[in-house]
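Have a look at the structure below, then the notes.
The values are calculated or read from the model by the stated rules, or taken from the named source; none is laboratory data. In this text the structure is predicted, and so the values were computed from the model without any measurement. Glycine also receives a Cβ, built like all others from the backbone with ideal geometry; neighbour counts cover every protein chain displayed. Please note that ligands, DNA and RNA were not included when accessible areas were found on the heavy atoms of the full protein model with its side chains. Shrake-Rupley method; radii C 1.70, N 1.55, O 1.52, S 1.80 Å.
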Amino acid sequence: MTRTMWDSSVGKKTVMAVSGLIMLAYLVVHMLGNLKIFFGSDDFNHYAHWLRTLGEPFLHYEWALWIIRVVLVAAVVAHAVSAYQLSRRDLRARPTKYVHKKPRTSYATRTMRWGGVILGLFIVWHILDLTTGTVHPDGFQSGHPYQNVIDTFSTWYGSVVYIVAMLALGLHIRHGFWSAAQTLGVGSRTRDRAFKTIANALALVLTVGFIAVPVGVMTGVVS
Amino acid sequence: MKLTLRVWRQQNADADGAMSTYDVDDISADMSFLEMLDTLNEELILRGDDPVAFDHDCREGICGACSLVINGDAHGPERTTTCQLHMRSFEDGDTIDIEPWRASAFPVVKDLVVDRSAFDRIIQAGGYVTAPTGAAPEAHATPVPKPDADFAFENAECIGCGACVAACPNGAAMLFTSAKVNHLNVLPQGAPERETRVLDMVAQMDEEGFGGCTLAGECATACPKGIPLVSITGMNKEWLRATRKSGRR
Ligand code: HEM
Ligand code: SF4
Ligand code: FES
């Protein structure tokens, strides 16, 4: 079954859909957690600490967080590798372009590949910025995420990178969520409107929810 | 009508092709698109030039032979086959671009003719029933629920023209393959090969070098027979079910 899956264009697309939905589920929770920043540094830092003690005493300190991290890395890698392989196949299948060109397909559909690349680069940047502190402006303090977030969004480039990536995310989810329903065979004529509406709603809520944080810092609402 | 045609000319599969420009005059709005090309070819022959090669057979929209990309649209601006497209869809003085289906799985044979035998091999991989059917059986002998019959009929309308592949930005054959899979897979007559059919036809589709689906929806917009995009969703569902059930590695 694994071989049949990975060797088939339909199977590989299934891998993309499942890994995409795993990332999407995580992003909804992540976005809601981020909004705690509007309740002040105690609330936000306490929430970050709680993430590390999650599942105790059944799990050890930080185990739950590491399990989530491993699942997410697996999802990102599976998603990116299948995206790369499928895109190569697609480009090979249509080497000659039409002389008479027409604007086709929606913006969200056309930008899935480049938007995906932007998201991939952003994920790396984001981890180096706020998890490891490698590219953080200066004075990264682990255990003090509230201050770190404010430092990042106090630089113009920190906010620009973040906002561009979140707009790309919205577009990606707009086409991606509905596509995943078709790939997994759960779409139908009667459910089509519902899936498109949910896709648009998810895209909008996630984009607005994530962007609220840098906007909050830039406008001084969060300081 | 007076028209300027820009037509893809290519001597054979290995030659380089290019767009050539021709002027045609005295075109009636009642002519079909293919009759308009016949008019051009008569002139070319009288001049001693090589006529433009294009595929056609029934000229009544049922065989799936005709295949032209007209102004960037597979089968042109109307939702029908090229042979059923009429010149009234164009204006006097128009310039019309005419190109062959483009996909690496559909190599150009000459001018506007492409080799679509990849579709035949997808059908050979499973687009049939193995039960000997004999003469038409009594219609009520095998009850089929109405919604299933409707879905089978809708998918059975596919004439195998390949416009879906031509329109797809990935050169994918998902709409064609899904029409053929669904047509047989929803019916009791197709049940014995339900799993092998979808697995083998999708494998053959990949083997032929068609692209994958990115749900762009161009195929269903171009399809002259209105095969819907949800046919692809239906095939994905069948494929996943078969992968679980068939016990293949
Ligand atoms: C590593 C960075 C990423 C890359 C390179 C990438 C690339 C792609 C590509 C090329 C597609 C197929 C596009 C198409 O069908 O037209 C896709 C689909 C999808 N992506 Fe991403 N993406 C990335 C990150 C994400 C993230 C963070 C999410 C989480 C929300 C996500 C969710 C989805 C979903 C749900 C689909 C639909 C799967 C399907 O069509 O069945 N992707 N991605
Ligand atoms: S699905 Fe439509 S466009 Fe594709 S081969 Fe069949 S009839 Fe032609
Ligand atoms: S020539 Fe038969 S469908 Fe057009």
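Among the listed residues B:Ala166, B:Ala216, B:Ala222, B:Ala203, which satisfies the condition of being at the interface with chain A (Cβ under 8 Å from one of its Cβ atoms), touching a residue at least 40 places away in the same chain (Cβ under 8 Å) and over 22 Å from A:Ala181 (Cβ atoms)?
On the way: B:Ala166 fails: at the interface with chain A (Cβ under 8 Å from one of its Cβ atoms); B:Ala216 fails: over 22 Å from A:Ala181 (Cβ atoms); B:Ala222 fails: at the interface with chain A (Cβ under 8 Å from one of its Cβ atoms).
Going through B:Ala166, B:Ala216, B:Ala222, B:Ala203 in turn, just one is at the interface with chain A (Cβ under 8 Å from one of its Cβ atoms), touching a residue at least 40 places away in the same chain (Cβ under 8 Å) and over 22 Å from A:Ala181 (Cβ atoms): B:Ala203.
For the list (1) within 14 Å of chain B (Cβ to nearest Cβ); (2) open to solvent by 90 Å² or more (accessible area, probe 1.4 Å); (3) over 24 Å from the mean Cα position of the chain (by Cα), I need the number of the one condition that A:Arg88 fails.
Unmet condition: (3).
Would you pick out the residues in the range B:190-249 that are closer than 24 Å to B:Phe153 by Cβ, in a helix (DSSP H, G or I), open to solvent by 10 Å² or more (accessible area, probe 1.4 Å) and small (Gly, Ala, Ser)?
Within the range B:190-249, B:Ala191, B:Ala220, B:Ala222, B:Gly234 meet the criteria.
What is the number of the single condition among (1) within 15 Å of B:Ile96 (Cβ to Cβ); (2) within 14 Å of chain A (Cβ to nearest Cβ); (3) charged (D, E, K, R) that B:Asp16 does not meet?
In the conditions (1) within 15 Å of B:Ile96 (Cβ to Cβ); (2) within 14 Å of chain A (Cβ to nearest Cβ); (3) charged (D, E, K, R), B:Asp16 misses (1) alone.
Provide a single number: the residues in the range B:3-49 that are away from ligand 3 (no atom under 16 Å from the Cβ), more than 17 Å from B:Val108 (Cα to Cα), open to solvent by 30 Å² or more (accessible area, probe 1.4 Å) and assigned to a loop (DSSP other than H, G, I, E, B).
8
Under 6 Å by Cβ, and 6 or more places apart or on different chains, what pairs join a residue from the range A:108-130 that is away from ligand 2 (no atom under 16 Å from the Cβ) with one that is open to solvent by 70 Å² or more (accessible area, probe 1.4 Å) and in a helix (DSSP H, G or I)?
The qualifying pairs are A:Ala108/A:Arg174.
When you look at B:Arg79, is it under 15 Å from the mean Cα position of the chain (by Cα), touching a residue at least 40 places away in the same chain (Cβ under 8 Å), open to solvent by 10 Å² or more (accessible area, probe 1.4 Å) and within 25 Å of A:Asp90 (Cα to Cα), yes or no?
Working: under 15 Å from the mean Cα position of the chain (by Cα): yes; touching a residue at least 40 places away in the same chain (Cβ under 8 Å): yes; open to solvent by 10 Å² or more (accessible area, probe 1.4 Å): yes; within 25 Å of A:Asp90 (Cα to Cα): no.
Spelling it out, it is not the case that B:Arg79 is under 15 Å from the mean Cα position of the chain (by Cα), touching a residue at least 40 places away in the same chain (Cβ under 8 Å), open to solvent by 10 Å² or more (accessible area, probe 1.4 Å) and within 25 Å of A:Asp90 (Cα to Cα).
Inside the range B:150-165, can you point out the residues that are within 8 Å of ligand 2 (Cβ to nearest atom) and among the small types (Gly, Ala, Ser)?
Going residue by residue through the range B:150-165, those that are within 8 Å of ligand 2 (Cβ to nearest atom) are B:157-165.
Matches in the range B:150-165: B:Gly160, B:Gly162, B:Ala163.
Give the residues of the range B:207-249 that are hydrophobic (A, V, I, L, M, F, W, C) and closer than 11 Å to B:Met174 by Cβ, sorted by residue number. Even if it seems obvious, please write down each step before you answer.
Initially, the range B:207-249 is screened for residues hydrophobic (A, V, I, L, M, F, W, C), giving B:210, B:213, B:215-216, B:219-220, B:222-223, B:227, B:229-230, B:232, B:235, B:239-240, B:242.
Residues satisfying the conditions are B:Phe210, B:Cys213, B:Leu215, B:Ala216, B:Cys219, B:Ala220, B:Ile227, B:Leu229, B:Ile232, B:Met235, B:Trp239.
Applying the selection to the range B:56-76, what residues are buried (at least 23 other Cβ atoms within 10 Å of the Cβ) and farther than 19 Å from B:Gly217 by Cβ?
B:Cys66, B:Ser67, B:Leu68
Does at least one position in the range B:48-70 carry a residue that is more than 15 Å from the chain's Cα centre (by Cα), within 14 Å of another protein chain (Cβ to nearest Cβ) and within 16 Å of ligand 2 (Cβ to nearest atom)? Break it down into steps so the answer makes sense when it comes.
Taking the range B:48-70 first, the residues more than 15 Å from the chain's Cα centre (by Cα) are B:48-53.
Pick out the ones that are also within 14 Å of another protein chain (Cβ to nearest Cβ) and you get none.
Checked against the condition, which is being more than 15 Å from the chain's Cα centre (by Cα), within 14 Å of another protein chain (Cβ to nearest Cβ) and within 16 Å of ligand 2 (Cβ to nearest atom), the range B:48-70 yields no hits at all.
Name the residues in the range B:71-104 that are basic (Lys, Arg) and within 14 Å of chain A (Cβ to nearest Cβ), would you? Walk me through how you get there before you give the answer.
Kept after step one, since they are basic (Lys, Arg), are these residues of the range B:71-104: B:79, B:88, B:102.
Answer for the range B:71-104, where residues must be basic (Lys, Arg) and within 14 Å of chain A (Cβ to nearest Cβ): just B:Arg102.
Only one of (1) charged (D, E, K, R); (2) within 12 Å of another protein chain (Cβ to nearest Cβ); (3) closer than 17 Å to A:Ser9 by Cα fails for B:Arg197. Which number is that?
With respect to (1) charged (D, E, K, R); (2) within 12 Å of another protein chain (Cβ to nearest Cβ); (3) closer than 17 Å to A:Ser9 by Cα, B:Arg197 is out only on (2).
Quick one: B:Ala105 ticks every box in (1) assigned to a strand (DSSP E or B); (2) surrounded by 24 or more Cβ atoms within 10 Å (Cβ to Cβ) except a single one, so which number is it?
So the condition that B:Ala105 fails would be (1).
So which residues in the range B:211-233 are within 15 Å of ligand 1 (Cβ to nearest atom) and of a type outside the set (Ser, Thr, Tyr)? Let's see the steps before the verdict.
Narrowing the range B:211-233 to residues within 15 Å of ligand 1 (Cβ to nearest atom): B:211-219, B:229-230, B:232-233.
Of everything in the range B:211-233, those that are within 15 Å of ligand 1 (Cβ to nearest atom) and of a type outside the set (Ser, Thr, Tyr) turn out to be B:Gly211, B:Gly212, B:Cys213, B:Leu215, B:Ala216, B:Gly217, B:Glu218, B:Cys219, B:Leu229, B:Val230, B:Ile232.
Take A:Ala64 and decide whether it is assigned to a helix (DSSP H, G or I), more than 19 Å from A:His126 (Cα to Cα), in contact with a Leu (Cβ under 8 Å, 6 or more places away or on another chain) and away from chain B (no Cβ under 14 Å).
Working: assigned to a helix (DSSP H, G or I): yes; more than 19 Å from A:His126 (Cα to Cα): yes; in contact with a Leu (Cβ under 8 Å, 6 or more places away or on another chain): yes; away from chain B (no Cβ under 14 Å): yes.
Spelling it out, A:Ala64 is indeed assigned to a helix (DSSP H, G or I), more than 19 Å from A:His126 (Cα to Cα), in contact with a Leu (Cβ under 8 Å, 6 or more places away or on another chain) and away from chain B (no Cβ under 14 Å).
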